[in-house]
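Encoded as structure tokens, the structure appears first; notes follow it.
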Amino acid sequence: MSMVDVSEAQISEALGWRSVGDLVGQYPDAPVALIGAPLNERSLTPGRCDLGPKVLRGVLPRLSTYDVETGVELDLRVHDAGDVALKAVSPFDAFVPVRDAVAAQSHRAMTILVGGNNAITRAGVHALGLERAGLLTLDAHFDLRDTDQGLTNGNPVQALLDDGMDGARISQVGLAPFANTRRAHEKAKAAGISVRTVRECREQGLVAVVQQELERLSALCEVIYVDFDIDVIDRSQWPASPGARPGGVSVHDFFDATRAIAAHPKVRAVDLTEYDPSLEVGDLGSLTAGRWFCEILSGVAAR
């Protein structure tokens with residue numbers, strides 16, 4: 001006699017389960033698109049951020065589609081639009097191909113851009129339309145370094161200001177002490193950027209701070225682009241970025257904020273930047289990035 005009575009409609013989970021990886025493929029009509037942007041050139045700290053898209057895709061089969069906390073089963077299909085060819089390409093030369101790749105998916109509810117270093121953020125914002133978009137960053141750093149020596153992963157926000165973006169349409173959340181300069185802080189305030197420190201996030205709650213900034217940006221912008229510079233997470237929970245510092249936001253709060261952000265109807269594109277798989281401790285980085293991807297899909301599904 002069989003130990004388990006399985007109906008014809010069921011599939012055995014003895015050796016596997018339905019994974020988030022099963023949701024990703026060639027689906028032209030999917031509400032979500034995935035684009036890899038393995039930009040690595042002109043990173044201020046040398047590393048291998050170019051490995052991020054491949055490693056993220058590789059970890060998705062390890063993540064199930066079921067959220068035990070909410071009882072929600074993910075069933076959103078994700079169109080994999082592939083990687084932009086960025087090997088040995090500078091941030092300046094990467095701008096047009098990344099912008100055009102994101103713009104080509106703008107008819108979808110959400111476009112997920114996986115870097116690569118933080119220089120891809122400028123192109124992503126332009127893809128939504130500089131005159132109509134707002135920018136929310138979760139980042140330990142201002143990214144307001146001067147652009148007189150060219151584009152790097154340290155100056156995408158400054159580059160957007162140089163492009164003519166109104167600083168009032170930028171919100172920066174999670175800024176860390178002793179990881180930024182007075183000059184950068186003064187530039188942010190002078191430009192009208194909303195500056196929210198990691199202490200505010202800890203005392204008020206990251207989700208609350210993020211929701212305040214989404215509400216503020218929604219009153220000013222037609223669409224919102226969100227840069228998840230993953231070094232905003234506390235380094236003890238996220239070692240796989242050179243810029244991550246002790247005292248950053250908790251990974252639990254990061255996941256909750258990610259879902260809240262993706263649930264907002266004006267958020268049309270997000271990126272994950274500064275993930276360097278060469279700095280992995282075990283597979284902590286890949287599993288964290290994969291969980292982030294799941295939280296994005298959960299947020300979109302909740303709209």
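Read-outs throughout are calculated quantities, based only on the coordinates presented, and are distinct from any laboratory measurement. Quick caveat: nothing in here was measured; it's all calculated off a predicted structure. Ideal geometry is used to build each Cβ from the backbone, glycine not excepted, and the neighbour counts take in all protein chains shown.
Each of the GluC sites (Glu not before Pro) that DSSP puts in a loop and that has at most 12 other Cβ atoms within 10 Å breaks the chain; the longest unbroken stretch is 132-303. Among D100, D29, D234, the residue with the largest mean-square fluctuation in a Gaussian network model of the chain, with springs joining Cα atoms closer than 10 Å, is D29. Note down the Stokes-Einstein diffusion coefficient of the chain in µm²/s, whole number, using a Kirkwood radius over alpha carbon pairs, 37 °C, and 0.692 mPa s. Roughly 170 µm²/s, to the nearest whole number. Which one of Y225, Y275, Y66 has the biggest mean-square fluctuation once the chain is modelled by GNM with Cα springs under 10 Å? Maximum among the listed residues: Y66. Modelled this way, with points 7 Å down the Cα-to-C-beta line, the labels at R303 and A109 are 0.6 nm from one another. Here is how the number arises for the chain: DSSP H runs of 4 or more residues each give -39500 (n - 2.57), the sum is divided by the residue count, and the result at 222 nm is -10000 deg cm²/dmol.
Neighbour counting of Cβ atoms within 10 Å sorts the residues C201, C294, fewest neighbours leading, into C294, C201.
Over all distinct Cα-Cα pairs of segment 1-148, the Kirkwood formula returns a hydrodynamic radius of 17.7 Å.
Note on K187: aspartates and glutamates with a C-alpha under 17 Å away, same-chain residues under 8 apart excluded, are D139, D143, D146, D148, D162, D163, D166. Cβ crowding within 10 Å, taken as a proxy for footprinting-reagent exposure, orders T273, T152 from fewest neighbours to most as T152, T273.
Below 8 Å between Cα atoms, with a sequence gap of 6+, how large is the relative contact order for segment 16-125 in percent? Relative CO of segment 16-125 lands at 44 percent.
Only Cα pairs under 8 Å and 6+ residues apart enter the sum, and on that basis the relative contact order of the chain stands at 20 percent.
Note on K87: lysines with a C-alpha under 25 Å away, same-chain residues under 8 apart excluded, are K54. In this simple spin-label approximation, H252 and E215 carry label points 7 Å from Cα along the Cα→Cβ vector, and these lie 2.5 nm apart. Kirkwood's formula applied to the C-alpha pairs of segment 155-303 gives a hydrodynamic radius of 15.9 angstrom.
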